[in-house]
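This report refers to the structure that appears directly beneath it.
Please treat every number below as a calculation from the coordinates, not as lab data. Since the model is a prediction, treat every value here as computed from it, not as a measurement. Because the Cβ atoms are built from the backbone with ideal geometry, glycine has one as well, and the counts that use them run over all protein chains shown.
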Amino acid sequence: MAHIIVVGNEKGGSGKSTTAMHVATALVRMGHSVGCLDLDLRQQSLGRYIENRAAWCAAEGRRLAIPEFRQLPDEVPGATGNPADARLHAAVEDLASRHDFVLIDCPGSHTRLAQVAHTLADTLVTPLNDSFVDFDLLGRIDAATGRILGPSVYSEMVWQARQWRAHGGLQPIDWIVTRNRLGQTQMVNKRKVGDALTRLSKRIGFRIATGFSERVIFRELFPRGLTLLDLRDVGEARLSLSGVAARQELRDLMGALDLPGVKVAF
């Protein structure tokens, strides 16, 4: 069966879909087959990203690595229990039977589908803007002393998913929190967030990786469905220093995920 990667965070604007698209296409470029689901049934950012990619390739007559994207089925004949759960399980089972990896992009809010998806995760990637506003979803902190008071709502949901997997005899979730939008300034705040994440990671069990910095290039890639790794293929070989740095960030991220059978080479 496929290795399931879930990209989740209950706060919008953290870079989940950008992260999901870059991880999925990087895996396909490295020779792995990938199936994708987008559980934000209204916005469908990852789904739109993949659709944009297919449309651009068709219009330009180019061939680029494209992961398979599918919608949840409208219904599952003969299913019992929660209909939404049945739709998600049916889609995951279908993709897992045909691919090396299944990547699930969750919405920036707490939903039943996202909760169930977390219980399916072999690898959980949580992009986090580098601020205490986003940190608050993971842990509560004493503003005066910086002491960690305890896990917050999202961490508690992940803990519940871990408990469910343990009861089912499944492998533990490998949870990676990626620090996105790391600024070049505000070094004091950056250090404080980093220190708090390190303390919290030891307490509730996640790994920390560097994600993507804030870059205009990501907003320019989405309409064409392109990723950082495509620019040379489409004739935009002269990457700016920012683009070169962004490619290195993706390379570092893929290495940090340490996915089974994946040797990072791009």
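Candidates are the residues of the stretch 57-73 that are assigned to a loop (DSSP other than H, G, I, E, B) and closer than 17 Å to T227 by Cβ; the one that is farthest from the chain's Cα centre (by Cα) is R62.
Say whether the condition of being without any contact (Cβ under 8 Å) to a residue 40 or more places away in the chain and over 25 Å from H3 (Cβ atoms) is met by at least one residue in the stretch 167-183.
No - not one qualifying residue is present in the stretch 167-183.
Entry remark, the stretch 118-150: residues being of a type in the set (D, E, K, R) and part of a strand (DSSP E or B) number 1 in total.
Count of the stretch 91-117 residues, restricted to those that are in contact with a His (Cβ under 7 Å, 6 or more places away or on another chain) and in a loop (DSSP other than H, G, I, E, B), is 1. Restricting the stretch 195-233 to residues that are assigned to a helix (DSSP H, G or I) and acidic (D, E), the residue that is surrounded by the most Cβ atoms within 10 Å (Cβ to Cβ) is D230. The condition (being β-branched (V, I, T), under 30 Å from L120 (Cβ atoms) and out of contact with any Cys (no Cβ under 6 Å at 6 or more places or on another chain)) is satisfied by just one residue among I217, I173: I173.
Within the stretch 137-159, take every residue that is within 19 Å of the chain's Cα centre (by Cα) and of a type outside the set (S, T, Y) and give me the one that is surrounded by the most Cβ atoms within 10 Å (Cβ to Cβ). Restricting to residues being within 19 Å of the chain's Cα centre (by Cα) and of a type outside the set (S, T, Y), the top hit is L138.
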